[in-house]
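The values are calculated or read from the model by the stated rules, or taken from the named source; none is laboratory data. Only a predicted model underlies this, so the values are computations on that prediction, with no experimental measurement involved. Cβ placement follows ideal geometry from the backbone for every residue including glycine, while neighbour counts extend to all protein chains displayed.
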């Protein structure tokens, strides 16, 4: 269980850090804004190959952080619980 | 390990060869009770730790110390260096990768729209924004007993006073949160309240409804405190707290 916790935490923090850096470039007009990091894409974000790659990676990192944490903290432990419950039920019969 | 030692002297991981001290040798029924699972694992772990400690004491160059701790060099120093390296690396990483933010130069002749203290004083600043809690008394014809700013300053006194009283209410003899779930919950309540009251201090910048923010400021500490209490109470059962009370009460020798 501890292993799965640290995997989820590592994914959340590591991937979240990468998202933070990219979103600070492409979705932040000002660090005094209350919508920083979640604003619409800044102008010129889809011009040029590197910008397109970075904007794509930004979404990839965000969803990897969210889904990775969800997977290791919720889905996999729930799967283990279901498997052990099924095992118990099978042994009881 | 030197070469002339026999092969079978290797440390075995199956728990065989562990010897209980004479005055604590478990009875056969006790051994049977902790035969499987976590209880067995815990038993073997502490028995092995005790045996390794005993082996260490029998070594000729072992110096008996009256303080149970790790030595400063190398353990603590390497640990602290690694932590310091992590934070220095994080600062370098963020300053190298994030876009520079250079605001307009400060204008000393005009007051900025948003005035804030340093972040670690936000909690105190937030206590000055408790206007809705300042009661309006019917006997005064709906007037307030004291000004909102006076009320905010007195609120600071209440918080500081409570923090000052805590050491007298609880002597702090617990070494783990599971030992005193209630006081752990009080601690979590305080930490969460410090965070929520700090967020109330910057309500101008919070992208949410101010009334909701005000309610959450006082609701969330109770929620998290209750959750902490429930979790620690549950963990006590998981640790078999009553069975292992003697271990959890262990203190370093005086």
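Evaluate the following for residue B:181: is it touching a strand residue (DSSP E or B) at 6+ places or on another chain (Cβ under 8 Å) and over 30 Å from residue A:26 (Cα atoms)? Here the answer is no, as residue B:181 does not meet what is asked. No other residue among B:94, B:130 is assigned by TED's automatic domain parsing to the domain that holds residue B:159 and within 30 Å of residue B:217 (Cβ to Cβ) apart from B:130. If residue A:18 passes every condition in (1) within 14 Å of another protein chain (Cβ to nearest Cβ); (2) assigned to a loop (DSSP other than H, G, I, E, B); (3) touching a helix residue (DSSP H, G or I) at 6+ places or on another chain (Cβ under 8 Å) but one, which one does it miss? For residue A:18, the exception is condition (2).
Of the helices (runs of 4 or more DSSP H) lying entirely inside segment B:162-254, those containing at least 2 residues that are modelled with pLDDT of 95 or more and loosely packed, with under 14 Cβ neighbours inside 10 Å span B:210-238. Taken together, the criteria exclude residue B:150 from residues that are away from chain A (no Cβ under 14 Å), more than 30 Å from residue B:237 (Cβ to Cβ) and at pLDDT 95 or above. Within segment B:90-119, the residues that satisfy the criterion of being assigned to a loop (DSSP other than H, G, I, E, B), within 9 Å of chain A (Cβ to nearest Cβ) and either in contact (Cβ under 8 Å) with a residue 60 or more places away in the chain or out of contact with any helix residue (DSSP H, G or I) (no Cβ under 7 Å at 6 or more places or on another chain) (or both) are B:101, B:103, B:114.
Among the residues examined, residue B:161 qualifies as assigned by TED's automatic domain parsing to the domain that holds residue B:216 and more than 18 Å from residue B:195 (Cα to Cα). Of the residues making up segment A:26-44, those that are touching a helix residue (DSSP H, G or I) at 6+ places or on another chain (Cβ under 7 Å) and within 13 Å of chain B (Cβ to nearest Cβ) are A:26, A:37, A:42.
From the list A:11, A:53, the one residue that fits, being more than 10 Å from the chain's Cα centre (by Cα) and more than 14 Å from every other protein chain (Cβ to nearest Cβ), is A:53.
Every condition in (1) surrounded by 10 or more Cβ atoms within 10 Å (Cβ to Cβ); (2) more than 23 Å from residue B:160 (Cβ to Cβ) holds for residue B:113 except the one numbered (1). For segment A:61-84, check the following and say yes or no: at least one residue is away from every other protein chain (no Cβ under 11 Å), at pLDDT below 90 and more than 22 Å from residue B:207 (Cβ to Cβ). Checked against the condition, which is being away from every other protein chain (no Cβ under 11 Å), at pLDDT below 90 and more than 22 Å from residue B:207 (Cβ to Cβ), segment A:61-84 yields no hits at all. Kindly check whether there is at least one residue in segment B:120-139 that is outside any loop (DSSP other than H, G, I, E, B), surrounded by 10 or more Cβ atoms within 10 Å (Cβ to Cβ) and within 14 Å of another protein chain (Cβ to nearest Cβ). No, segment B:120-139 contains no residue that is outside any loop (DSSP other than H, G, I, E, B), surrounded by 10 or more Cβ atoms within 10 Å (Cβ to Cβ) and within 14 Å of another protein chain (Cβ to nearest Cβ).
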